[in-house]
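Q: Got a structure for you, questions after.
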Amino acid sequence: MARINVINKKEDLYFVRNSKILVPGMANQTAWNTIKLSVGDTIRVHYKLIEHEKVAGKTKREVKEETRERTQIFEGIIIAIKGSAEITVRKIGVGAIGIERIFPLISPWIKKIDVKKHGEVRRAKLYYLRARTGKAASKIEESSKS
């Protein structure tokens, strides 16, 4: 069980496992580096990606392995928040294929999270978006809060 220390009694924010995650009191909200995230938000996750590539050397038998680091952006809608440790983000890819990715918020691979717009939903999990196609799969009302 993780040790939880109370930071601010008014807003029910907690500090979990000496990480940078702040946990609001509701199950459909979390925070990362003081950025409040909730289900229905459209976000951009910048995460570090390491690629290994085999490259032919000067001679036929010589094979070198190159390692490259780059930052990739995954933009989509938060459809689920599990505890305070991970979020599930869904986007519609090429050919109207739904792509979901689970991001652990404690991960050192996540460099930055940008909230493009706050969505207003009345569910804790938006799994019903999986059955929708086209524009309806990504259509969520924008919240008036900022």
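The values are calculated or read from the model by the stated rules, or taken from the named source; none is laboratory data. Small disclaimer: the values here were computed from a predicted structure and weren't measured. Heads up, the Cβs are rebuilt from the backbone with ideal geometry, glycines too, and the neighbour counts pull from every protein chain shown.
Q: Since Ser84 meets every condition but one in (1) over 19 Å from Ala31 (Cβ atoms); (2) touching a Ser or Thr at 6+ places or on another chain (Cβ under 6 Å); (3) in contact (Cβ under 8 Å) with a residue 24 or more places away in the chain, which condition does it not meet?
A: (1)
Q: Scanning segment 44-75 for residues that are closer than 15 Å to Phe103 by Cα and basic (Lys, Arg), which turns out farthest from the chain's Cα centre (by Cα)?
A: The extreme case among them is Lys48.
Q: Take segment 104-139 and flag every residue that is touching a helix residue (DSSP H, G or I) at 6+ places or on another chain (Cβ under 9 Å) and in contact (Cβ under 8 Å) with a residue 60 or more places away in the chain.
A: Ser138
Q: Filter segment 79-98 for residues that are β-branched (Val, Ile, Thr), within 14 Å of Arg132 (Cα to Cα) and surrounded by fewer than 20 Cβ atoms within 10 Å (Cβ to Cβ); which is modelled with the lowest pLDDT?
A: If we take residues in segment 79-98 being β-branched (Val, Ile, Thr), within 14 Å of Arg132 (Cα to Cα) and surrounded by fewer than 20 Cβ atoms within 10 Å (Cβ to Cβ), then Ile97 is modelled with the lowest pLDDT.
Q: Can you tell me which condition Val121 does not meet? The list is (1) at pLDDT 90 or above; (2) closer than 15 Å to Ile81 by Cα, and all the others hold.
A: Every listed condition holds for Val121 apart from (1).
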